[in-house]
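The values are calculated or read from the model by the stated rules, or taken from the named source; none is laboratory data. The structure displayed is predicted, hence computed values, not measured ones. All Cβ positions, glycine included, derive from the backbone under ideal geometry; neighbour counts span all protein chains shown.
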Amino acid sequence: MTKPFLSIENLTQTYPDGQGGTMTVFENATFGVEKGEFVCILGHSGCGKSTIMNILAGLAEPTSGVVVMDGREVSGPSLDRGVVFQNYSLLPWLSTLKNVSFGVAARHPEWSKAEVLEHSRKYLAMVGLEGDVIHRKPSQLSGGMRQRVSIARAFANHPKLLLLDEPFGALDALTRGTIQDELLKIWGDSGQTVFMITHDIDEAILLADRILLMTNGPFARVAESVEITIPRPRNRTAIVEHPNYYAIRNHLVQFLGKRSKELAGQASDGATQSPETVRIDLTDAADEPTPEPRLRAVNT
Amino acid sequence: MPSLSLNQRALLLSVVMLVVGLLAWEAAIPAQKAVGELTEYERLTGGGVPKAGVPPPSQVIAKAWQELSNPFYDAGPNDKGIGIQIGYSIYRVLSGYLMAAVVAIPLGFLIGMSPVAYKALNPFIQVLRPISPLAWMPLALFIIQDSEASAIFVIFICSIWPMLINTAFGVAGVRQDWVNVARTHELGHLKTAFTVILPAAAPTIVTGMRISIGIAWLVIVAAEMLVGGTGIGYYVWNEWNNLDLTSVIFSILMIGVVGMMLDAAFASLQRAVAYAE
Ligand SMILES: Nc1ncnc2c1ncn2[C@@H]1O[C@H](COP(=O)(O)OP(=O)(O)O)[C@@H](O)[C@H]1O
Ligand SMILES: [Mg+2]
């Protein structure tokens with residue numbers, strides 16, 4: 001059995017609960033992400049999504065378990081894993097251009113200054129930032145523009161894995177839509193592997209190849225891996241017409257609304273916790289089981 | 001006056017207050033009679049010698065004009081131009097201050113980065129900081145055996161604390177997100193310190209530096225009164241011994257003006273390193 005590109009193995013995170021005991025965020029979580037895949041993880045606030053992402057980024061150490069990427073165990077942060085933080089995390093004393101170029105210079109120390117700037121401008125242009133704007137400080141940009149800078153900074157470094165923590169959480173719906181399209185476009189051109197946290201179901205369906213569903217914590221589990229059986233390229237107005245769209249959406253709503261609570265709070269007793277694969281495809285009813293029996297199977 | 005801006009109105013009011021204040025001061029000083037108008041008796045009882053009273057502002061202005069038109073003359077140990085005296089004071093302040101910065105900023109970095117260093121050094125800082133800088137003077141004079149160096153040491157010891165504490169505070173308070181940005185870009189320790197932590201903490205550090213220079217300028221006057229020889233503090237004390245109150249008032253004003261300029265320099269440095277989040 002070959003390992004996936006990114007393999008999360010028996011990941012456990014506990015924190016002191018403040019009363020002398022420990023609180024288990026998740027236990028023995030095990031799942032994989034294939035190369036070039038776009039995976040979204042959905043779950044209620046506080047279930048441990050950011051904790052998982054920080055571990056994948058190498059910014060935090062799990063209590064136990066390992067993360068293996070491309071055959072190498074993750075220990076500490078690396079330029080191979082780019083991160084887009086929820087609050088953008090731009091350096092406020094640097095201009096927009098410098099915020100991108102300092103990262104590019106770190107990635108390519110052998111490049112000349114002109115090459116670094118050229119490359120940075122190119123990636124800023126990809127997210128629609130050109131002209132005078134790139135000399136402004138982050139405080140002079142709108143929230144949407146800041147997040148674009150953050151995305152450009154991450155993509156400009158060609159990380160093998162791109163991690164995004166609720167990148168559009170603070171943006172209005174219109175801006176969010178435009179940046180989602182830009183993200184899809186750059187991802188499509190680059191073929192990078194993306195792991196993204198979101199709490200927006202429609203966003204997840206639009207962007208992801210696969211959605212991981214997390215139950216509520218403590219003892220949260222990555223309970224299901226839902227394949228998004230809608231062909232690409234996708235566009236937000238067209239996908240709602242697809243026969244699978246509402247079936248998938250209903251499944252996700254059901255999970256987040258009801259089953260994420262029902263499945264919560266179960267200790268693993270040491271067993272590896274892998275997500276159940278769920279494939280909902282109404283276009284090919286002959287070969288595939290209908291979603292209903294499949295869902296019941298997951299519940300057992 | 002709708003045509004005047006807020007600043008213009010404030011300036012106008014300042015000028016009015018200054019003029020009214022000076023006129024009131026001038027009017028409050030009884031005029032001294034010229035020697036020719038004195039009676040025999042008055043002359044014999046010393047009335048011809050100008051009385052050591054508070055001088056009127058007109059005299060202070062005349063004195064200022066005279067001193068400032070030739071600030072760098074040097075006519076012996078007790079008679080030097082105001083420019084030379086201020087120059088000595090600034091030299092001492094800057095020497096002590098720069099030495100303090102060289103020690104305080106790196107040490108503050110260390111304390112800010114390392115909780116262990118913070119805990120270990122905190123008790124020393126807490127005890128040493130509240131000591132009046134002048135209390136060090138006898139010890140400094142005894143150990144260093146040089147009044148010039150002792151004055152500089154006193155400046156060093158009083159400027160170190162605000163810089164040390166603010167640097168530590170600023171460095172410890174750098175947002176974890178920014179540090180994480182450095183980490184995910186694999187910046188080394190030194191690179192992180194200079195490209196992320198220093199600019200992030202710079203506003204707090206410069207605030208500490210500004211407080212320090214203010215304290216140093218307060219302390220140098222007192223220190224020079226003690227060690228004597230040269231400097232604006234010595235000048236004030238010397239003129240007081242000469243009962244030349246005009247010069248005393250003039251030098252007090254000069255201390256204020258120089259202090260203001262030092263502060264303004266740091267205020268512009270503060271603006272240069274400020275950033276909006
Ligand atoms: N440093 C920490 N110390 C203690 N508890 C923490 C810490 N970080 C996160 N937690 C807890 O872990 C749980 C998961 O947090 P997080 O991963 O941020 O959730 P999510 O991103 O899914 O909203 C929460 O209950 C949170 O309170
Ligand atoms: Mg989170």
statement: Of those in region A:155-183 that are of a type in the set (A, V, I, L, M, F, W, C) and within 16 Å of ligand 1 (Cβ to nearest atom), the residue farthest from A:R72 (Cα to Cα) is A:A170
query: Among the numbered criteria (1) out of contact with any strand residue (DSSP E or B) (no Cβ under 6 Å at 6 or more places or on another chain); (2) at pLDDT 90 or above, which single criterion is violated by A:A154?
result: (1)
- request: Return yes or no: is A:S268 within 16 Å of ligand 2 (Cβ to nearest atom) and over 22 Å from A:A57 (Cα atoms)?
  value: no
message: Just to verify a result, which residue in region A:123-141, among those that are out of contact with any helix residue (DSSP H, G or I) (no Cβ under 8 Å at 6 or more places or on another chain) and over 25 Å from B:I197 (Cα atoms), is surrounded by the most Cβ atoms within 10 Å (Cβ to Cβ)?
response: A:A125
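Residues checked against (1) in contact with a strand residue (DSSP E or B) (Cβ under 7 Å, 6 or more places away or on another chain); (2) surrounded by 14 or more Cβ atoms within 10 Å (Cβ to Cβ); (3) touching a residue at least 24 places away in the same chain (Cβ under 8 Å):
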{"position": "B:S114", "(1), (2), (3)": "no, yes, no"}
{"position": "B:L139", "(1), (2), (3)": "no, no, no"}
{"position": "B:F142", "(1), (2), (3)": "no, no, no"}
{"position": "B:S150", "(1), (2), (3)": "no, yes, yes"}
{"position": "B:I155", "(1), (2), (3)": "no, yes, yes"}
task: Could you tell me whether region B:209-224 includes any residue that is of a type in the set (A, V, I, L, M, F, W, C), assigned to a helix (DSSP H, G or I), surrounded by 19 or more Cβ atoms within 10 Å (Cβ to Cβ) and within 13 Å of another protein chain (Cβ to nearest Cβ)?
output: no
task: Search region B:249-277 for residues that are among the small types (G, A, S) and pair each with any residue that is outside any helix (DSSP H, G or I) when their beta-carbon atoms are under 9 Å apart and the residues are at least 6 apart or on different chains.
output: B:A274/A:W93; B:A276/A:P92; B:A276/A:K137
message: Residues that are more than 11 Å from chain B (Cβ to nearest Cβ) and in contact with a Gly (Cβ under 7 Å, 6 or more places away or on another chain), at least 1 per element: which strands (runs of 3 or more DSSP E) completely within region A:1-113 meet that?
response: A:6-16, A:22-33
message: For region B:227-277, give me each residue that is outside any helix (DSSP H, G or I), more than 14 Å from chain A (Cβ to nearest Cβ), in contact with a Ser or Thr (Cβ under 9 Å, 6 or more places away or on another chain) and not polar (S, T, N, Q).
response: B:G228, B:G229, B:G231
- prompt: Would you say A:T193 is under 20 Å from the mean Cα position of the chain (by Cα), away from ligand 1 (no atom under 16 Å from the Cβ) and more than 14 Å from chain B (Cβ to nearest Cβ)?
  reply: yes
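Results for (1) away from every other protein chain (no Cβ under 14 Å); (2) within 16 Å of ligand 2 (Cβ to nearest atom); (3) of a type in the set (A, V, I, L, M, F, W, C); (4) within 25 Å of A:V67 (Cβ to Cβ), shown as yes or no for each residue.
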| residue | (1), (2), (3), (4) |
| --- | --- |
| A:L161 | no, no, yes, yes |
| A:I179 | yes, no, yes, no |
| A:D200 | yes, yes, no, no |
| A:L207 | yes, no, yes, yes |
message: Checking A:S268 against (1) surrounded by fewer than 20 Cβ atoms within 10 Å (Cβ to Cβ); (2) out of contact with any Phe, Trp or Tyr (no Cβ under 9 Å at 6 or more places or on another chain): exactly one of these is not met. Which one?
response: (2)
message: So, in region B:168-182, exactly how many residues are part of a helix (DSSP H, G or I), facing another protein chain (nearest Cβ under 10 Å) and within 29 Å of B:V103 (Cβ to Cβ)?
response: 4
